[in-house]
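Here's the structure, in structure tokens; my notes come after.
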Amino acid sequence: MKTPKAFLKAGLTMGASLFWLTAVQAQMPNADQQVDSLNQQRQLQQSAQALDTNGVPALYDSETSDVGPQSVLQMKPRRTWIQAYADAQFFYTDNVFLADHDKQGANVLVSTVMAALAPTPYNVGDGQLSPRLGYQYQWFNYDLIGPSSLRIVNNQFLGNPGGLATFDFNVSTVFADVSWQRQNWQFTAGTDFRQLLYFGSCDEFYQEWVPRWSTSRDFNLTSATGISIGYQGDYRMTKTAGPVPVGFNTDYNDRTDQGIYVVGSWRLSSHAILQPFYNFQYTHYTRIDRDDFLNSFGLTLYCPLTKNITLRGFVGYDDFNTDGFYAQNYEQLSAGGGVNLSVRF
């Protein structure tokens, strides 16, 4: 049987959801968590890609015993200054609102463009220093393939004539960071300024300034397999411009994240890399009484078609637990694919 406190929490959560949805523009619940989840997934994929070696696949089974392992000769590259990429990721999630009960499924398209001043790494000490300064813009679009009827979430009807497309939003991010790599170790420090914007008007409903830091260690087990183990931390100074729960300030989402991850890489061929991963993240809110625990598991098939174009397919599962008064525990399963175009010049 639910306690009076549980009933009060459910009622306040329902009221907050109703206020979000009856605003002039609908705000996607937990939009910042969705952005974080996507960015973490892409960072883990990039970590696994970095483990790939320059080994050339054998032409026949006994080739290496005849002449030994073959490698591509390394040519000293000319210095480049600009890094740019465009990415499209389409997937299905069974819990788009990150709800505890009455899950709402949806198909999601996340489109990303990025450009950065990112010169070729400089030799510093016994390692290489890589600075970056850039800008990234993302579009989150829901239900492009067939509209879904909005159902009941937490006993609150989310009926809306615009369907899930009403919750589309954009993300604008200015970032700067510097990484230093020595052999298989890498250390990074940087900062992001991120704004979440309504899709149509581009009015801001959430912003955060995020100093961040990380370290990782790569282990190349064989010429075709490897593991990367890393730690990521940040502090988020936030401002919520949309509806704020009664009794809270606009900075009630201020928090620090501490996470560890393990990601593997198994090069099946020159055009296929299998990447299993696990990520654990602990989040402590500094303005309110709340702590979160997130366990994420996933598997990605990364397929480089050319030097600049890659395809990927993935499946992921999140298990989230919180003691926050307005927050909910949830489980989420998602699967889909993406394509990426990356250039340097």
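Checked against (1) surrounded by 15 or more Cβ atoms within 10 Å (Cβ to Cβ); (2) over 20 Å from the mean Cα position of the chain (by Cα), ASP289 passes all but condition (1).
Within the range 193-218, restricting attention to residues that are of a type outside the set (D, E, K, R), farther than 13 Å from VAL171 by Cβ and out of contact with any helix residue (DSSP H, G or I) (no Cβ under 9 Å at 6 or more places or on another chain), which residue is modelled with the lowest pLDDT? Looking at residues that are of a type outside the set (D, E, K, R), farther than 13 Å from VAL171 by Cβ and out of contact with any helix residue (DSSP H, G or I) (no Cβ under 9 Å at 6 or more places or on another chain), I get GLY200. Exactly one residue out of GLN332, GLN328 is within 16 Å of HIS101 (Cα to Cα) and at pLDDT below 95, and it is GLN328. Taking the numbered list (1) crowded, with 18+ Cβ neighbours inside 10 Å; (2) out of contact with any Asp or Glu (no Cβ under 9 Å at 6 or more places or on another chain); (3) closer than 19 Å to THR300 by Cβ; (4) of a type in the set (Ser, Thr, Tyr) in turn, SER269 passes all entries but (1). Counting the residues of the range 311-345 that are assigned to a strand (DSSP E or B), in contact (Cβ under 8 Å) with a residue 40 or more places away in the chain and not charged (D, E, K, R) gives 16. Just one of the listed residues (ILE260, ILE273) is touching a residue at least 40 places away in the same chain (Cβ under 8 Å), in a strand (DSSP E or B) and hydrophobic (A, V, I, L, M, F, W, C), namely ILE273.
Of the residues making up the range 153-163, none is among the aromatic types (Phe, Trp, Tyr), modelled with pLDDT of 95 or more and part of a strand (DSSP E or B). Tell me yes or no: at least one residue of the range 180-187 is in contact with a Leu (Cβ under 6 Å, 6 or more places away or on another chain) and at pLDDT below 95. The answer is no; no qualifying residue exists.
The residue that is surrounded by the fewest Cβ atoms within 10 Å (Cβ to Cβ), among those in the range 219-239 that are modelled with pLDDT of 95 or more, more than 21 Å from GLN181 (Cα to Cα) and not basic (Lys, Arg), is MET237.
The values are calculated or read from the model by the stated rules, or taken from the named source; none is laboratory data. Bear in mind that the values here come from a model prediction, so they are computed numbers and not experimental data. Don't worry about glycine lacking a Cβ; one is built from the backbone with ideal geometry, like all the others, and counts go over all protein chains shown.
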